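Taking it in order: structure first as structure tokens, then the write-up.
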């Protein structure tokens, strides 16, 4: 019995010591940045969408949206880091990316027609970070794979005709599908006070995303209209009897971009040491 208690106590002490060492190496970081999109392509010319026409609706593309990349926009990052040693770290970065709007607007005294696109994506990036400086001033490089864990692409379509009065306000959401990418980055950490560090860094993300599904609703009537499934190697197909079975070819949307970010890093181990 004594041996069992001694062994159990030893295990508990080892675990407590290990957890303490683990916590002392942890850090959390929040940052904000802006990304300039790369991999620019024709955002409207390759989508298969339902648009109203004289016969009702047609599955078609919109070549008037023009070139762009959903990689342009704002980034909000939250990072959990772990220091392996004074030169090497690793971590998990969660990013919410909100792209800018792309589209066009045309009108005269009788009608108004507009179409715009916007996207949101949530990324998870496990990374390795190489430090090159000191505790007070630390240049660093980092690299890691990128995984999409959420998000959507949204189309907003507006058609208003005055004579006779007719109006359509449609919203289409694209979602689903798996997307991988890669991240390269580097920057500078400047130690401000005790457990607080200012971080300035740039990163490049290469990523595309091909959604698997889309749903379209009439915003005015709140009615569900159509659902499209995107499939490889298929011609656009409309089922007049069952819109649920409508098919369209997949298309990779550009989400690559170069961003400049700044934020604050809190070292949990130093915070614990400061309270002693």
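Assorted remarks:
- Looking only at segment 195-235, and only at residues there that are over 28 Å from the mean Cα position of the chain (by Cα) and more than 19 Å from residue 131 (Cα to Cα), the one that is modelled with the lowest pLDDT: 235
- Search result, residues across segment 177-194 that are surrounded by 13 or more Cβ atoms within 10 Å (Cβ to Cβ) and closer than 30 Å to residue 115 by Cβ: 177, 179, 181
- Residue 97 falls short on exactly one of the conditions (1) at pLDDT 90 or above; (2) exposed (fewer than 13 other Cβ atoms within 10 Å of the Cβ), and that condition is (2).
- Residue check, residue 117 more than 14 Å from the chain's Cα centre (by Cα), at pLDDT 80 or above and part of a strand (DSSP E or B): yes
- Screening residue 145 on (1) surrounded by 14 or more Cβ atoms within 10 Å (Cβ to Cβ); (2) over 21 Å from residue 251 (Cα atoms); (3) modelled with pLDDT of 85 or more shows it passes everything except condition (1).
- Just one of the listed residues (105, 77) is within 30 Å of residue 40 (Cβ to Cβ), free of Cβ contacts under 8 Å to residues at least 24 places away in the same chain and in a strand (DSSP E or B), and it is 105.
- Residue in segment 58-74 that is touching a strand residue (DSSP E or B) at 6+ places or on another chain (Cβ under 8 Å), at pLDDT 75 or above and surrounded by fewer than 15 Cβ atoms within 10 Å (Cβ to Cβ) present: yes
The values are calculated or read from the model by the stated rules, or taken from the named source; none is laboratory data. Predicted model only: the values in this text are computed from it and were never measured. All Cβ positions, even for glycine, are placed from backbone atoms using ideal geometry, and neighbour counts span all protein chains on display.
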